[in-house]
Amino acid sequence: MPKIFTKTGDKGETGRFDGTRVPKNDPQMEVQGSIDECNSAIGLARAYITDDHLNRTLKNFQSLLLVAGSEVTNVSQDNRLPFLTDANITALENLIDETEKELEPLTHFILPAGGKAAAHLHVARAASRKVERRLVTLRETTAVNPTLLAYFNRLSDTLFVLARYASKLDGIPDEIWVNPKKSG
């Protein structure tokens, strides 16, 4: 691993995998930064999760988010780096289906709340949606692997379901949203 500080970014530029330098606010860097935010939010949620299976699942997501971040800035499509695949999306869909079997059917909108783990998973879900928006912006000027967009769309759905599951593990029911027009 390289030294943590290199001073090469002190003037507002950063390096990509191929060695080229771009401004730190380049749309690719915005996507990569948003992926990092999502990854960090998942890491924070893991700090409150005692269930080993859920913790391993989230750790796997974190590993895949590093893959996604490198893919975004791998402009030369260098095959030395891994890429997300349709199999990763299918795995998320299967996890959603299996986890929903453990939950009460959703019949109302719910608030992004619950215990500490659930609340942090909701933050991670929102961060995943942010990645999606950044990818759509990037797509306006740069080719974007459609698998990335689909993955983050499905990841946000997965994190929503896992937040509900984390609440269940903590014995905390979903908080139903009450329409203000009907509450008073």
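Quick notes on this one:
- Once the C-beta distance of residue 93 and residue 141 is scaled by a Förster radius of 41 Å, the resulting FRET efficiency is 0.85 to the nearest 0.05.
- At least 30 Å along the helix axis (C-alpha) and Kyte average at least -0.5, DSSP helices within the chain: 52-73, 116-139, 146-169
- Extension reserve of the residue 126-residue 109 stretch, reckoned as 0.36 nm per residue once the Cα distance is removed: 4.6 nm
- Binning the C-alpha pair distances of the stretch 112-184 at 10 Å intervals from 0 yields a P(r) profile of 21, 34, 27, 15, 3 %, listed from the shortest bin outward.
- For the stretch 76-144, a simple Cβ point-charge model (Lys and Arg +1, Asp and Glu -1, everything else neutral) yields a dipole of about 500 debye relative to the Cα centre.
- Percent accessible area from carbon and sulfur atoms, the chain, protein chains only, probe 1.4 Å: 53 percent
- Full-stretch length increase - residue 51, residue 77 - with 0.36 nm per residue and alpha-carbon distance subtracted: 5.6 nm
- Rg over Rh, two decimals, the chain (C-alpha only, Kirkwood Rh): 1.03
- Charge context of residue 90, other residues only, Cβ under 15 angstrom, K/R +1, D/E -1: -4
- Normalised size of the stretch 40-83, defined as Cα radius of gyration per 2.2 N^0.38 Å with N residues, equals 1.43.
- Percentage, to the nearest whole number, of Cα pairs in the stretch 66-136 over 21 Å apart: 45 percent
- Short to long, the 10 Å bins of the Cα pair-distance histogram for the stretch 127-167 hold 31, 45, 18, 6, 0 percent of all pairs.
- 1.4 Å probe accessible area per residue over the stretch 30-101, in Å²: 53 Å²
- Of the residues 179, 38, 146, the one whose Cα sits farthest towards the positive end of the charge dipole of the chain is 38 (charges of +1 on Lys and Arg Cβ, -1 on Asp and Glu Cβ, taken about the Cα centre).
- Contour minus Cα-Cα distance for residue 181 and residue 66 (0.36 nm per residue): 37.1 nm
The values are calculated or read from the model by the stated rules, or taken from the named source; none is laboratory data. Here the structure is a predicted model, which is why all the values come from computation and not from measurement. With ideal geometry, Cβ positions are generated from the backbone for all residues, glycine too; neighbour counts draw on all protein chains shown. Only protein heavy atoms, including side chains, enter the accessible area calculation; ligands, DNA and RNA are left aside. Shrake-Rupley method; radii C 1.70, N 1.55, O 1.52, S 1.80 Å.
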